[in-house]
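The values are calculated or read from the model by the stated rules, or taken from the named source; none is laboratory data. Remember, it's a predicted structure, so these values are computed and weren't measured experimentally. In this analysis, Cβ positions are derived from the backbone assuming ideal geometry, glycine residues included, and neighbour counts consider all displayed protein chains. SASA here: full protein model, heavy atoms, side chains in, ligands and nucleic acids out. Shrake-Rupley method; radii C 1.70, N 1.55, O 1.52, S 1.80 Å.
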Amino acid sequence: MFSRPLFSATLRQAARPLARPAAYNLRPAPFLTSFQQRLLSDQTKQAIEKAVASAPVVLFMKGTPETPQCGFSRASIQILGLQGVDPNKFAAFNVLEDSDLRSGIKEFSDWPTIPQLYIDKEFVGGCDILVSMHQDGSLAKMLEEKGVLAPIEGASDSKE
């Protein structure tokens, strides 16, 4: 009536993970595999560069500003709206309409998620970064410094 171990000592030894070299542990893991990194063609890169340069504030998102297709894209649009970004200085690109854009933008920015915000051709971050910057006030400061906020209605430059 003795019970046998489910695995023998030899099998338990074999089931243990192999030790990794120390250099492997010090290297940060890339967001994209080498196969994925080869997917960004010159044509896609040029199209993304043109899109980023199309307006002072550019958001690559899932869906459109009127009908976002994910909660993170919706939150990003809401934050930009709350901040008062001028619609004339804003462009949004729906990555769901173009698979090359969807995969290419991740490599272009070296950022694994969508949405992605660019201000004056400079990558700012994704939704998590936007939320953090919105909460600490740094997003409002950046948008004001870049001059991308909508003019306040009824405000005039002259003092009465």
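Structure notes:
- Within the range 89-107, the set of residues being out of contact with any Phe, Trp or Tyr (no Cβ under 9 Å at 6 or more places or on another chain) and closer than 22 Å to Met133 by Cβ comprises Lys89, Phe90, Ala91.
- Residue within the range 71-78 that is modelled with pLDDT of 95 or more and touching a Lys or Arg at 6+ places or on another chain (Cβ under 6 Å) present: yes
- All positions within the range 106-129 that are more than 16 Å from Phe93 (Cβ to Cβ) and either of a type in the set (A, V, I, L, M, F, W, C) or within 8 Å of the chain's Cα centre (by Cα) (or both): Pro112, Gly125, Ile129
- Only a single item in (1) at pLDDT 50 or above; (2) open to solvent by less than 100 Å² (accessible area, probe 1.4 Å); (3) outside any loop (DSSP other than H, G, I, E, B); (4) farther than 30 Å from Gly147 by Cβ is not met by Gln43, and it is number (2).
- Scan of the range 53-69 for residues that are closer than 14 Å to Arg102 by Cα and either modelled with pLDDT under 90 or touching a Lys or Arg at 6+ places or on another chain (Cβ under 6 Å) (or both), ordered by number: Gln69
- Odd one out for Pro17, checked against (1) in a loop (DSSP other than H, G, I, E, B); (2) at pLDDT 95 or above: (2)
- When the test is whether a residue is modelled with pLDDT under 90 and among the aliphatic types (A, V, I, L, M), Ala140 does not pass it.
- Of all residues in the range 89-103 being without any contact (Cβ under 8 Å) to a residue 12 or more places away in the chain and farther than 12 Å from Thr64 by Cα, the one that is least open to solvent (accessible area, probe 1.4 Å): Asp98
- Residue in the range 133-151 that is among the charged types (D, E, K, R) and touching a Pro at 6+ places or on another chain (Cβ under 9 Å) present: yes
- Residue that is surrounded by the most Cβ atoms within 10 Å (Cβ to Cβ) [pool: residues in the range 52-87 that are over 15 Å from the mean Cα position of the chain (by Cα) and in contact (Cβ under 8 Å) with a residue 40 or more places away in the chain]: Val85
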